[in-house]
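Notes follow once the structure below has been shown.
What follows is calculated from the coordinates using simple rules that are stated; it is not laboratory data. Keep in mind that what you see is a predicted model, and the values were worked out from it rather than measured. Here the Cβ positions follow ideal geometry from the backbone for every residue, glycine too, while neighbour counts run over all protein chains shown.
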Amino acid sequence: MNRDEVLAATRQWLEKAVIGLNLCPFAKAVYVKNQVRIVVSDAKHADAFLEELDRELEFLAAADPQDVDTTLLVHPTLFANFLDFNEIAGIAEEAVAEHELEGVIQVASFHPRFRFEDTAEDDIGNCTNRSPYPTLHLLREDSIERAVESYPDAEAIYERNIETLKKLGPDGWKALGIPGGQDDKQ
């Protein structure tokens, strides 16, 4: 997988789905200010990926938020199976604690086959967390708190996203041209 293709697909997902559908009302501000760091991993195995995660946690914690507010750690080939990646996401949350970054950084996960518990695989609501490639999103908790304070009814974002995707439907999602949609078996 070509690094430039992975970056382009990730940016397309951010622009058309995350920002374009307003799935995260806080994403546009940091994206247009070029404060989103996208790191494409070429780790050959999970341990090497987790070492890269350690480096990115330390980098983000030390970086000036005006330069880098958030990091997307993307691996295009290593975690094709969603359940395997879900385990890695759990380990990533443990890594936050090991680096003594609880309350400073949190982790969100995105995957082409993301599936919420108790949903069918083809449930359109799963697309709220579907990305072109397995991705760990490292977020500054201070940034989240500021964004939530300025956004009315932040707790309703999840429900609003589900409704947005239901209205869009599988054909609408597919029309966005983003890998990780309903019929994409990546």
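Of all aspartates and glutamates in the structure, those lying under 13 Å Cα to Cα from Lys28, and not within fewer than 8 positions of it along the same chain, are Glu15, Asp69.
Straight-line cross-link partners of Lys44 among the aspartates and glutamates, defined as a Cα under 20 Å from its Cα and at least 8 positions apart when in the same chain: Asp4, Glu5, Glu52, Asp54, Glu56, Asp84, Glu87. By DSSP, the beta bridges lying fully in the range 3-175 are antiparallel in about 70 percent of cases.
Let me know the Kirkwood hydrodynamic radius for the chain, please, with Cα pairs as the basis and the value in Å to one decimal. When all Cα pairs of the chain are included, the Kirkwood radius is 16.8 Å.
Taking 16 Å as the straight-line reach from the Cα of Lys166, the lysines in range (excluding those fewer than 8 positions away in the same chain) are Lys174. For the chain, set up a GNM with springs between Cα atoms under 10 Å and report which of Arg55, Arg11, Arg115 has the largest fluctuation. It is Arg55. Full extension of the segment from Lys166 to Glu141, taken as 0.36 nm per residue of separation minus the current Cα-Cα distance, would add 6.1 nm.
Around the Cα centre of the chain, unit charges on the Cβ atoms of Lys, Arg, Asp and Glu (plus for the first two, minus for the last two) sum to a dipole of about 1020 debye. Simple rule: put +1 on each Lys or Arg Cβ and -1 on each Asp or Glu Cβ in the range 3-175, find the dipole, and look at Leu83, Gln12, Ala95; the Cα lying farthest toward the positive end is Gln12. Each residue of the range 6-18 was assigned a 3J(HN,Hα) from its phi angle through the Karplus expression (A = 6.51, B = -1.76, C = 1.60, θ = phi - 60°), giving 5, 4, 5, 5, 5, 5, 4, 4, 4, 6, 8, 9, 4 Hz with x at Gly and Pro.
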